[in-house]
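Q: This structure is in structure tokens; I'll ask about it shortly.
The values are calculated or read from the model by the stated rules, or taken from the named source; none is laboratory data. All figures in this text were calculated on a predicted structure; none of them were measured in a lab. Cβ atoms come from the backbone with ideal geometry, glycine included; neighbour counts cover every protein chain shown. Each accessible area value is taken on the protein alone, full model and side chains, heavy atoms only, with ligands, DNA and RNA left out. Shrake-Rupley method; radii C 1.70, N 1.55, O 1.52, S 1.80 Å.
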Amino acid sequence: MIGAASIGALRAAELAPFGMHGVGSICADYASGKIDGDDEVAVGQAPDGQCDALSWPVVNLRHVLHLVISAGVLDSERAAGLLAGLRTVYYPQRTTAAVQALCRRQGQTKFAGWLAEQREQDRHFGDLKRADALAAVRSALAGRAAQAGVRPTPAVWETTYFRR
């Protein structure tokens, strides 16, 4: 079983002792304790069974803010202020428009413009969840999870549902 990118990354970090294989930086952050909540990866999705994410998960925002610091557009203090403000926005409402509006309210128009430019060049810019999901697919296709050699520990987590 492979987990990555979203709740799968969280579950892989939790279930590694039972043989679940985690892939990607998001799983590594969950496993290390750097992040710990499902709010880190939660997104609002399009209705009617479409899989399009309509909002930004915190892991992607944090990643983009690291990139903007590296690019010299923002310093770490301003980036931390933006992240704190963005974390207060309820996850299904954390759309690109909401991110841009918060940037304007905090006077970070340079970052807002930089982000819009990056996303115009690459619609997947900063999408860490997508990168980790693709890494999980590559891992599965290569058979790496099966080769990991992790043996599940005895089923100490048995429940009546499991036994049934």
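Q: Please give, to one decimal in nm, the separation of the simple spin-label points placed at residue 90 and residue 69, each 7 Å out from Cα toward the Cβ.
A: Modelled inter-label distance: 3.0 nm.
Q: At 1.4 Å probe radius, can you tell me the per residue accessible area of the chain in Å²? List each step's numbers first, then the result.
A: On the way: 9790 Å² over 164 residues.
So the chain comes to 60 Å² accessible per residue, rounded to a whole number.
Q: With labels modelled as points extended 7 Å from the Cα through the Cβ direction, what inter-label distance (nm, one decimal) is found for residue 18 paired with residue 104?
A: In this crude label model, residue 18 to residue 104 measures out at 4.7 nm.
Q: Let me know the whole percent of all Cα-Cα pairs from the chain that are separated by more than 29 Å.
A: On the way: 3765 of 13366 pairs.
Tail fraction, whole percent: 28.
Q: Another question, then. Considering the convex hull of the alpha carbon atoms of region 100-144, report its projected area averaged over all viewing directions, in nm², one decimal. Show your work: numbers first, answer last.
A: Working: hull surface 15.7 nm².
Averaging across all directions leaves 3.9 nm² for the Cα convex hull.
Q: Provide the convex hull volume over Cα atoms per residue for region 41-92, in Å³. Could you put the intermediate results ahead of the total?
A: Details: hull volume 3.5 nm³, N = 52.
Cα convex hull per residue, to the nearest whole number: 68 Å³.
Q: Ignoring ligands, DNA and RNA, what percent of the 1.4 Å accessible area of the chain is carbon and sulfur?
A: Details: 5230 of 9790 Å².
Roughly 53 percent of what the probe reaches on the chain is carbon or sulfur.
Q: Using only DSSP helix segments of four residues or longer, with each worth -39500 (n - 2.57), what per-residue ellipticity at 222 nm results for the chain after dividing by its residue count and rounding to 500?
A: Working: 9 runs with 88 residues, N = 164.
Here the helix-only value at 222 nm equals -15500 deg cm²/dmol.
Q: Next question. Say we join alpha carbon atoms closer than 10 Å with springs in a Gaussian network model of the chain; which of 94, 130, 104 then has the biggest fluctuation?
A: 104
Q: Right, here's the next one. Collect residues whose amide H, placed 1.01 Å from N in the peptide plane, falls under 5 Å from the amide H of residue 45; neighbours closer than 5 in sequence don't count.
A: Here 54 satisfy the definition.
Q: Cα centroid distance between region 85-139 and region 10-81, in Å?
A: Region 85-139 and region 10-81 have Cα centres spaced 11 Å from each other.
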